[in-house]
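One structure is given below, encoded as structure tokens.
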Amino acid sequence: MNKREFLKNSAIGALGIMLAPSLLRAFPAGKRLRTAHIGIGNMGAEDLKAISSHPDVDVVALCDVDALNLSTAHKLHPKARVFFDYRAMLDEMADEIDAVIVSTPDHTHAPASMLAMQKNKPVYCQKPLSHYVSESRAMKKLAAEKGLVTQMGIQVHSFYDYKLATLLIQSGIIGKVHTVHAWSPKNHGYDGPPPEGEDPVPTQLDWNLWAGTSPKPPYKEGFYHPGVWRKLMDYGCGTLGDMGVHIFDTPYNALQL
């Protein structure tokens, strides 16, 4: 076995050791996992596709503020109930849901996740975990008090390159690390002033529910929904929250910061 294969197998083995206890506690043998998905457009659609591909998962509820997203997902999961409002979904189906997946714009991560955890549901929430640091702390506290299995979706955290970097650093192969420089070449997203004027809200969109706990701006076609919200600070966390979450992950994990 060459050095690369050894490092690769070591990284995979370590990952299995970390994940196995949580999976065993959260997913007893022979039990099917009933999932509810909040936010099923764009990244939410990818999360839905990935999670529903597991043979022991049943998608029982779909929630989105956009009827077009709901229609697309419901064709793939016709047995699932559909909702515009996650509060109604969690109230009506609390006894029929085993886990909740939150894949909405950043400003809805904490409100949706907290409500699900208050109802004793394990939660998988997309990155960045919350819109405000205070929300992340509240989420962590609630999950600990409830004894819930939770996870933040961060894609590349389980990639081979990231695991290899962690192994190289923690094994001391590259020597002692005393400084970390992090940067990103990506700068996508609208970063200008709020748009002027107002357009009619599309019939398929519940604009009030999209704004949620953040200020509700006048609807403007081409802004906010479906994807131009990440650098608008009432709804997203900018490039720092978008790419920083990924880039800081490796040094944070490897150096156990």
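Please report the antiparallel percentage of DSSP beta bridges with both residues in the chain, rounded to the nearest 5. Here the share of antiparallel DSSP bridges comes out near 5 percent.
Between the entries [x] -0.31, -0.48; [y] -0.37, -0.57; [z] -0.27, -0.43, the label attached to log10 I(q)/I(0) by the Debye sum over Cα atoms at q = 0.08, 0.10 Å⁻¹ calculated for this structure is [y]. Across the chain, the mean sequence separation of Cα contacts (distance under 8 Å, 6 or more residues apart), normalised by length, yields a relative contact order of 18 percent. Rounded to 0.05, the FRET efficiency of the HIS181 and SER158 pair, given R0 = 22 Å and the Cβ-Cβ distance, is 0.40.
Pairs LYS140/LYS163; LYS49/LYS121; LYS127/LYS220; LYS75/LYS186: which are spaced more than 29 Å apart, C-alpha to C-alpha? In this structure, LYS75/LYS186 lie more than 29 Å apart at Cα.
Sorting GLU221, GLU196, GLU135 from the fewest to the most surrounding beta carbons within 10 angstrom yields GLU196, GLU221, GLU135.
For region 44-133, the square roots of the Cα gyration tensor eigenvalues, ordered a ≥ b ≥ c, give a/c below 1.5, which places it in the rounded category.
Electrostatic bookkeeping for SER130 treats Lys and Arg as +1 and Asp and Glu as -1; over the other residues with beta carbon under 15 Å from its beta carbon, the sum is +1.
Of the peptides 197-203, 40-46, 147-153, the order by per-residue mean of other Cβ atoms within 10 Å, starting with the highest, comes out as 40-46, 147-153, 197-203. Taking the longest Cα principal axis of the chain as reference, the axis of helix 67-76 is set at about 60 degrees. Estimated from the Cβ-Cβ distance and a Förster radius of 30 angstrom, the FRET efficiency linking LEU255 and VAL149 is about 0.75. For region 165-227, averaging the sequence separation of C-alpha pairs within contact (under 8 Å, six or more residues apart) and dividing by the residue count gives a relative contact order of 26 percent.
No lab work stands behind these numbers, since they all come straight from the coordinates. No experiment lies behind these values; they were computed from the predicted model shown. Note: ideal-geometry Cβ built from the backbone for every residue, glycine included; neighbour counts use all protein chains shown.
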